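Let me begin by presenting the structure, written as structure tokens, before commenting on it.
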Amino acid sequence: MTTAPVPVKQATPLASTIPDILQIFRTEMDRFVDRFTTGFGIAPIASFRTDTALRLPNPAVDITEDDASFKFTAELPGLTEKDVQVSLSGNTLLIKGEKLQEREEKDKGFHLSERAYGEFQRSFLLPEGADGERIDARFANGVLTVIVPKTAQAAPKKIEVKASA
């Protein structure tokens, strides 16, 4: 299994996180409604929007922590490391991607062919103790793995428990 490094860009800090929070809330609500309505044959909310280009569903990201680091893992099938951008702005980790979606159907009497470019974006506020200077991002087999090491001060300290007399 080969892995390809994904460059992590250091961006200028964002002026405010409020627009990001509102966008995240909107996206999550859209995903919730889309999941609920697809069982009834109702078109996804994104198909009714005209204010943006095609928005791909935001990928689910697993976040784990161990003694040494925080690990973000996102399944991004159909993408390559060239389609994914990882950046850090202040203490906000941003994962963005863009992909071409293609769909083709052939049947008696018709031929349907659709292509659309879409994008997604996920942002995460890194906890205190995350070392933004040593972030490592790798992409292999459609899976993005971003490892954010902890600073030495954030490492857990073992405290000896003594018996009372």
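Key figures for this structure:
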| read-out | value |
| --- | --- |
| Carbon and sulfur %, accessible surface of segment 118-165 computed with the full protein complex present, 1.4 Å | 50 |
| Mean accessible surface per residue for segment 72-147, computed with a 1.4 Å probe while every protein chain stays in place, in Å² | 61 |
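The values are calculated or read from the model by the stated rules, or taken from the named source; none is laboratory data. Since we're looking at a predicted model, the values are computed, not measured. Areas reflect the complete protein model, heavy atoms only, side chains present, ligands, DNA and RNA absent. Shrake-Rupley method; radii C 1.70, N 1.55, O 1.52, S 1.80 Å.
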